[in-house]
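The next block holds one structure in the form of structure tokens; read it before the comments.
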Amino acid sequence: MTWYDSLLQQLADGLVLGSFYALVALGYTMVFGVIKLLNFAHGDLYMTGAFAGFGGLSLVSGVLGAGWLGIFVAMLLAMLAVGCLGVVIERIAYHPMLAAPRLSILITALAVSLVLQNAALSLTGGQYTPPFAPTSASAGSASAICSSRITRSCWWPQRRC
């Protein structure tokens, strides 16, 4: 890998990571601007979306393949799942607290965050597994397509590595 390839890889990694930071910041800003309250479950809903996206890709990769169509369908399934989860959280946790003081709603937001974190821990077994290790990838090629690694063939089709 030359310095030029390394530079392009670092730029791509920075854009991916910066995009996630921008999405989280935009979400916090919108929620705080509308209800004047920090939603501590915001990041946990992003985590749930990531799990739903990977699970959706694992499900549809057997039927549609792990290509762009499978990724698109998995993203739609993840958006639908997290949207429905958000509605359920709002109806169960936040809607009954509308007349309560702001501190009660803040504590409820912390409780929702803890529930989502512990649900993810119980579903995954609480054990860290490297996401791209060959032994932990149950979806086959679905895990390899989720990485942000780029190659020269993506940028310059005429020059293969």
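The values are calculated or read from the model by the stated rules, or taken from the named source; none is laboratory data. Computed from a prediction, not measured in an experiment: that's the story for all the values here. Virtual Cβ from ideal backbone geometry, glycine too; neighbours counted across all protein chains shown.
Among the candidates LEU57, LEU45, LEU15, LEU38, the residue that is hydrophobic (A, V, I, L, M, F, W, C) and over 24 Å from ALA119 (Cβ atoms) is uniquely LEU15. Restricting SER61, SER19 to those that are among the hydroxyl-bearing types (Ser, Thr, Tyr), surrounded by 11 or more Cβ atoms within 10 Å (Cβ to Cβ) and assigned to a helix (DSSP H, G or I) reduces the list to SER61. Taking first residues from the stretch 62-77 that are in contact (Cβ under 8 Å) with a residue 24 or more places away in the chain and partners that are among the small types (Gly, Ala, Ser) and assigned to a helix (DSSP H, G or I), the Cβ contacts under 7 Å between residues at least 6 apart in sequence or on separate chains come to ALA66/SER141; ALA66/ALA142; GLY70/SER61; LEU77/ALA52; LEU77/GLY56. Taken together, ALA50, ALA78, ALA41 contain a single residue that is buried (at least 17 other Cβ atoms within 10 Å of the Cβ) and either under 26 Å from LEU106 (Cα atoms) or touching a Ser or Thr at 6+ places or on another chain (Cβ under 7 Å) (or both), which is ALA41.
Residue-wise test of (1) of a type outside the set (D, E, K, R); (2) modelled with pLDDT under 85.
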residue	(1), (2)
LEU59	yes, no
ALA81	yes, no
THR108	yes, no
SER148	yes, yes
ARG152	no, yes
TRP156	yes, yes
